[in-house]
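Here's a structure for you.
The values are calculated or read from the model by the stated rules, or taken from the named source; none is laboratory data. Note that the structure is a prediction, hence the values are computed from the model and not measured. Cβ atoms come from the backbone with ideal geometry, glycine included; neighbour counts cover every protein chain shown. Just the protein is used for accessible areas: all its heavy atoms, side chains included, with ligands, DNA and RNA removed. Shrake-Rupley method; radii C 1.70, N 1.55, O 1.52, S 1.80 Å.
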Amino acid sequence: MLKRRHSDAAVVRISIDGEQVEARAGESVAAAVLAHTEGATRTTPLSDAPRAPYCMMGVCFECLMEIDGVANRQACMIRVADGMSVKRQQGARSVEGRE
């Protein structure tokens, strides 16, 4: 878990895996997850090893999460919004119409 520096930004409430937490308006979902959890945003499809945001600028795709019901969104590129629901992705994602 990372500690935030002082911020005067407004506070919004989001849900991370069902837990209600406070985030700072304007910060990314990845930053909010890093501030409130051990940091893992997903697990790998092959080994279920935890993965966490790495580049924080949309290049590495390590921060893929389900945000407001949509899977595989880059948490580092999306700003938090009041009432947002965020879930960690576990293992391989399914694609409709494919096994």
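Tell me which strands (runs of 3 or more DSSP E) are completely within region 3-78 and hold 3 or more residues being touching a helix residue (DSSP H, G or I) at 6+ places or on another chain (Cβ under 8 Å) and not hydroxyl-bearing (Ser, Thr, Tyr), or say none if there are none.
19-24, 64-67
With the requirement that a residue be out of contact with any strand residue (DSSP E or B) (no Cβ under 7 Å at 6 or more places or on another chain), open to solvent by less than 20 Å² (accessible area, probe 1.4 Å) and at pLDDT below 95, what does region 3-50 give you?
Once the filter is applied, which keeps residues that are out of contact with any strand residue (DSSP E or B) (no Cβ under 7 Å at 6 or more places or on another chain), open to solvent by less than 20 Å² (accessible area, probe 1.4 Å) and at pLDDT below 95, region 3-50 yields Ala35, Gly39.
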